[in-house]
Amino acid sequence: MRRLFFLNILLLAGIAGATLKWLELREETAKREALVSGSAPKLPAAKPAAATPMPEKTVAANYFDIAARLLFSRDRNPTVVIAPPPAPVMPSLPLTYGVLMLADPPIIMMAAKKGEAQKGFRPGDQIGDFKIVTFDNRNITFDWKGQKVLRTISELADRDAATAALMNQQNIPAADTKPVQQVQPIQTARPEGPGTDIGGDMRACVANDSTAAGSVKDGYRKVVSATPFGTVCRWEKIK
């Protein structure tokens, strides 16, 4: 009987302990559920995302350094040097054969180049690539492409022996100080009259022309004047 009583007490004590343990577990579970199902924690406000910068536009000038240093083409050079055109070379100046300062306006006997026939020119006339600006018995000024070119008459004098022989046939002494020895047939002086046209309403004198200065023939008057080159003979048209 006592054994049964003790067994019942032990059974009751086990049931009471199990009940307490279950209550503790239940209370702990309730706390966990309350903690989990309670108000959610406040999260910090999200910052607005920064705007993405636009990519820069492609500029060809940014690649000059790459082109200049390209190992596979060393001849590349981004700097193109354009050489200026060469300056024009002034051609040879005309040749002079005499100055007629007594004419109005004065006349200078010139040829554009060696071998051409000489003609009379006045200030403002064009001879070859040059324009005669002004001249006197010592100096002459040309205009060439807007540039003033000043020379002395003696610098431009034709000193070629062949030209001197032609001048001698027209009774015009050469500019060379050394006399040119020429063998010419003896000709008898006789009146010849005006020779070839040398421009400027003038004609040259014929060699061995015995017509006196001031004579008039075929509408021309014979004029003989002294210049730094010597005596110059010409026929001027009567106006």
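The values are calculated or read from the model by the stated rules, or taken from the named source; none is laboratory data. Keep in mind it's a predicted model, so treat the numbers as computed, not measured. No Cβ is skipped: glycine too gets one built from the backbone with ideal geometry, and neighbour counts run over all protein chains shown.
Can you name the residue in segment 81-115 that is in contact (Cβ under 8 Å) with a residue 12 or more places away in the chain, outside any strand (DSSP E or B) and under 20 Å from VAL224 (Cβ atoms) and, of all such residues, is farthest from the chain's Cα centre (by Cα)?
Looking at residues that are in contact (Cβ under 8 Å) with a residue 12 or more places away in the chain, outside any strand (DSSP E or B) and under 20 Å from VAL224 (Cβ atoms), I get LEU102.
Within segment 116-130, take every residue that is in contact (Cβ under 8 Å) with a residue 12 or more places away in the chain and surrounded by fewer than 17 Cβ atoms within 10 Å (Cβ to Cβ) and give me the one that is farthest from ILE198 (Cα to Cα). Break it down into steps so the answer makes sense when it comes.
Of segment 116-130, the ones in contact (Cβ under 8 Å) with a residue 12 or more places away in the chain are 117-123, 127-130.
So of that shortlist, the ones also surrounded by fewer than 17 Cβ atoms within 10 Å (Cβ to Cβ) come out as 117, 122-123, 128-129.
Working: ALA117: 8, ARG122: 13, PRO123: 16, GLY128: 16, ASP129: 20 Å.
Looking at residues that are in contact (Cβ under 8 Å) with a residue 12 or more places away in the chain and surrounded by fewer than 17 Cβ atoms within 10 Å (Cβ to Cβ), I get ASP129.
Go through segment 165-220 and give me each residue that's at pLDDT 75 or above, farther than 22 Å from ARG122 by Cα and not in a loop (DSSP other than H, G, I, E, B).
Scanning segment 165-220 gives ASP209, VAL216, LYS217.
Taking segment 221-230 as the search range and keeping residues that are at pLDDT below 75 and assigned to a strand (DSSP E or B), which one is surrounded by the fewest Cβ atoms within 10 Å (Cβ to Cβ)?
Residues of segment 221-230 that are at pLDDT below 75, as a first pass: 226-230.
Restricting the remaining residues to those that are assigned to a strand (DSSP E or B) gives 226-227, 230.
Details: ALA226: 10, THR227: 19, GLY230: 13.
By that ranking, first place goes to ALA226.
Could you count how many residues in segment 1-51 are at pLDDT below 85, part of a helix (DSSP H, G or I) and of a type in the set (Ser, Thr, Tyr)?
1
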